[in-house]
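Input: a single structure, listed below in structure tokens.
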Amino acid sequence: MVIYGVGLLAFCTIVGLFVGDLLGVAIGVQANVGGVGFAMLLVIVGSNWLQRRRGIAQPTVQGVAFWNAIYIPIVVAMAAQQNVLAALSGGLAAMTAGVLAVFACAALIPAIDRLSRKDPAAARAAEPVS
Amino acid sequence: MIRTLLDVVQRNGLLAGFGIIAAIVWVAYLISNRLTRGRVHGSAIAIFIGLVLAWAGGVATGGERGLADVPAFAGIALLGGAMLRDFAIIATSFGVEAAEMKKAGVSGAVSLLVGVIGAFIVGAVVAWSFGYRDAISVTTIGAGAATFIVGPVTGAAIGASSDLIALSIAAGLVKSILVMIGTPFAARMIGLDNPQTAMVYGGLMGTTSGVAGGLAATDPALVPYGAMTATFYTGLGCLLCPSVLFLAVRALVG
């Protein structure tokens, strides 16, 4: 049933956000701390557990696949309701932050790549399957 | 008649939102395919159009919610609101195999941590040097330098204002577009020609649309490897930025 997939997702989302809220109260910030991340972990662990146990029926997967596919459009809708006018006053900051983040991280690629090549197991695992 | 039409559109706001966004995405992919030959991913163009329309909405209405302040487009607020946004982002983690997480190995894990924290520090330092001094602003912009998802999720979690969230989306968008366009040119320089490096690259860059678009333009065979680590980036960012990193910033700037 398609609703099983949607329901599983909704359950994980609410539990994750609940944990995030509890954590926020615990550390004294009036905020949801990492709720989305917890929910994602829950979905990964949950879907793997179900898969191992008896497989996940195709309609159930479809219930999740729709929301997975609709994620970029929702981000577009999110972008369309932001206070861009106000953000433009700080546009140079956004531009600088984005550009510098790319260059800083790109510069680190060869170093981290080399770091892991000393580990032959990881290098083998990274070989293409076919 | 026009009045009746507007009335129906307003009563069915969420559906109107789906229609409007579908039109935006359609135009974006048309631009992507025709004008950039697929080099700039359609999703990045769609988000850019969304931001431009938000700007236009702000100019037209003087409000703070972009296009959603135009009554006929109010449904966009529901579609792009926190509830559906979190729900859809969480859906992307479904089907990620725990075994594949291990396959990415040490390099994948290290690149993810360095990628999120590195981008955050760069963004936070830039925010600081542009005169943002409070922990919420610095954290939100720092998170935006991770991805355009981590920024708003973090901002919403720690109570940032809408203009800050827009700023963090803009930072993430600049990053995504730059990764998309720049990857084919930088590939040779950074040795991006094998699955292992593609995974490290995905973990460091993190922006899923940027990584997928950039790798597709470099070597389509590498896309799944880069996308796999990049998928974890947003989750890790959403986990770290509003929690550990926010607390760290608050401890530093008070």
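Identify, from the list B:Gly203, B:Gly105, the residue that is more than 21 Å from A:Val84 (Cα to Cα), touching a helix residue (DSSP H, G or I) at 6+ places or on another chain (Cβ under 9 Å) and surrounded by fewer than 24 Cβ atoms within 10 Å (Cβ to Cβ). If you could, list the steps in order and put the result at the bottom.
Numbers: B:Gly203 fails: surrounded by fewer than 24 Cβ atoms within 10 Å (Cβ to Cβ).
After ruling out the rest, the residue left standing is B:Gly105.
Do you know which of the residues in region B:157-181 that are outside any helix (DSSP H, G or I) and either more than 8 Å from chain A (Cβ to nearest Cβ) or on the phi > 0 side of the Ramachandran plot (or both) is surrounded by the most Cβ atoms within 10 Å (Cβ to Cβ)?
Per the stated criteria, the residue is B:Ala160.
Does B:Ile121 meet the test of being out of contact with any Leu (no Cβ under 8 Å at 6 or more places or on another chain) and at pLDDT 90 or above?
Values: out of contact with any Leu (no Cβ under 8 Å at 6 or more places or on another chain): yes; at pLDDT 90 or above: yes.
Criteria met by B:Ile121.
Does B:Asp163 qualify as being farther than 30 Å from A:Ala57 by Cα, of a type in the set (Asp, Glu) and under 22 Å from the mean Cα position of the chain (by Cα)? Give the derivation first.
Numbers: farther than 30 Å from A:Ala57 by Cα: yes; of a type in the set (Asp, Glu): yes; under 22 Å from the mean Cα position of the chain (by Cα): yes.
Considered against the rule, which asks whether it is farther than 30 Å from A:Ala57 by Cα, of a type in the set (Asp, Glu) and under 22 Å from the mean Cα position of the chain (by Cα), B:Asp163 comes out as yes.
Within region B:17-38, how many residues are buried (at least 16 other Cβ atoms within 10 Å of the Cβ) and touching a residue at least 60 places away in the same chain (Cβ under 8 Å)?
Selection size over region B:17-38: 2.
Could we say that B:Thr154 is free of Cβ contacts under 8 Å to residues at least 12 places away in the same chain, surrounded by 23 or more Cβ atoms within 10 Å (Cβ to Cβ), not assigned by TED's automatic domain parsing to the domain that holds B:Asn33 and not in a loop (DSSP other than H, G, I, E, B) here?
On the way: free of Cβ contacts under 8 Å to residues at least 12 places away in the same chain: no; surrounded by 23 or more Cβ atoms within 10 Å (Cβ to Cβ): yes; not assigned by TED's automatic domain parsing to the domain that holds B:Asn33: yes; not in a loop (DSSP other than H, G, I, E, B): yes.
When the stated conditions are applied, B:Thr154 does not pass them.
A quick yes/no check of all residues on (1) more than 18 Å from B:Gly226 (Cα to Cα); (2) free of Cβ contacts under 8 Å to residues at least 40 places away in the same chain; (3) in the same structural domain as B:Ala248 (by TED's automatic domain parsing); (4) not basic (Lys, Arg):
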residue	(1), (2), (3), (4)
B:Val116	no, no, yes, yes
B:Ile121	yes, yes, yes, yes
B:Ala145	yes, yes, yes, yes
B:Ala170	yes, no, yes, yes
B:Ala186	no, yes, yes, yes
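Taking B:Leu222 as the residue in question, decide whether it is surrounded by 23 or more Cβ atoms within 10 Å (Cβ to Cβ), assigned by TED's automatic domain parsing to the domain that holds B:Gly142 and more than 28 Å from A:Phe38 (Cα to Cα).
Details: surrounded by 23 or more Cβ atoms within 10 Å (Cβ to Cβ): yes; assigned by TED's automatic domain parsing to the domain that holds B:Gly142: yes; more than 28 Å from A:Phe38 (Cα to Cα): yes.
Spelling it out, B:Leu222 is indeed surrounded by 23 or more Cβ atoms within 10 Å (Cβ to Cβ), assigned by TED's automatic domain parsing to the domain that holds B:Gly142 and more than 28 Å from A:Phe38 (Cα to Cα).
Restricting to region A:55-87, name every residue that is polar (S, T, N, Q) and either in contact with a helix residue (DSSP H, G or I) (Cβ under 9 Å, 6 or more places away or on another chain) or assigned to a loop (DSSP other than H, G, I, E, B) (or both).
From region A:55-87, those polar (S, T, N, Q) are A:58, A:60, A:62, A:68, A:81-83; that's our starting set.
Result: A:Thr60, A:Gln62, A:Asn68, A:Gln81, A:Gln82, A:Asn83.
Within region B:118-141, is even one residue more than 8 Å from every other protein chain (Cβ to nearest Cβ), in a loop (DSSP other than H, G, I, E, B) and closer than 23 Å to B:Leu51 by Cα? It would help to see each step written out before you state the result.
Looking only at region B:118-141, we keep the residues that are more than 8 Å from every other protein chain (Cβ to nearest Cβ), and these are B:120-121, B:124-125, B:128-129, B:131, B:133-140.
Next, only the ones that are in a loop (DSSP other than H, G, I, E, B) stay: B:131, B:133-134.
Adding the requirement that they be closer than 23 Å to B:Leu51 by Cα leaves none.
No: region B:118-141 contains no residue that is more than 8 Å from every other protein chain (Cβ to nearest Cβ), in a loop (DSSP other than H, G, I, E, B) and closer than 23 Å to B:Leu51 by Cα.
Restricting to region B:56-73, what's the tally of residues that are more than 22 Å from the chain's Cα centre (by Cα) and among the aliphatic types (A, V, I, L, M)?
4
Considering only region B:185-198, state which residues are more than 8 Å from every other protein chain (Cβ to nearest Cβ) and either of a type in the set (D, E, K, R) or buried (at least 17 other Cβ atoms within 10 Å of the Cβ) (or both).
B:Ala187, B:Arg188, B:Asp193, B:Ala198
Would region A:37-46 turn up any residue that is hydrophobic (A, V, I, L, M, F, W, C) and not in a helix (DSSP H, G or I)?
Of all residues in region A:37-46, those hydrophobic (A, V, I, L, M, F, W, C) come to A:38-45.
From what is left, the residues that are not in a helix (DSSP H, G or I) are none.
Scanning region A:37-46, I find no residue that is hydrophobic (A, V, I, L, M, F, W, C) and not in a helix (DSSP H, G or I), so the answer is no.
Checking A:Ala26 against (1) surrounded by fewer than 14 Cβ atoms within 10 Å (Cβ to Cβ); (2) within 13 Å of B:Val96 (Cβ to Cβ); (3) more than 8 Å from chain B (Cβ to nearest Cβ), which test does it fail?
Answer for A:Ala26: the failing condition is (2).
Would you confirm whether any residue within region B:67-84 is surrounded by fewer than 19 Cβ atoms within 10 Å (Cβ to Cβ), at pLDDT below 90 and of a type in the set (Val, Ile, Thr)?
The answer is yes; a qualifying residue exists.
Can you tell me which residue among A:Ala79, A:Ala123, A:Ala104 is within 7 Å of another protein chain (Cβ to nearest Cβ), modelled with pLDDT under 85 and either over 22 Å from the mean Cα position of the chain (by Cα) or farther than 24 Å from B:Leu84 by Cα (or both)?
Numbers: A:Ala79 fails: either over 22 Å from the mean Cα position of the chain (by Cα) or farther than 24 Å from B:Leu84 by Cα (or both); A:Ala104 fails: modelled with pLDDT under 85.
Exactly one of A:Ala79, A:Ala123, A:Ala104 is within 7 Å of another protein chain (Cβ to nearest Cβ), modelled with pLDDT under 85 and either over 22 Å from the mean Cα position of the chain (by Cα) or farther than 24 Å from B:Leu84 by Cα (or both), namely A:Ala123.
Those residues that are surrounded by fewer than 24 Cβ atoms within 10 Å (Cβ to Cβ) and modelled with pLDDT of 85 or more, I need them from region A:34-50; list them, please.
Filtering region A:34-50 for residues surrounded by fewer than 24 Cβ atoms within 10 Å (Cβ to Cβ) gives A:41-42, A:44-46, A:48-50.
Within region A:34-50, A:Leu42, A:Val45, A:Gly46, A:Asn48, A:Trp49, A:Leu50 qualify.
The values are calculated or read from the model by the stated rules, or taken from the named source; none is laboratory data. Since the model is a prediction, treat every value here as computed from it, not as a measurement. Positions of Cβ are generated from backbone atoms using ideal geometry, with glycine treated the same way; all protein chains shown enter the neighbour counts.
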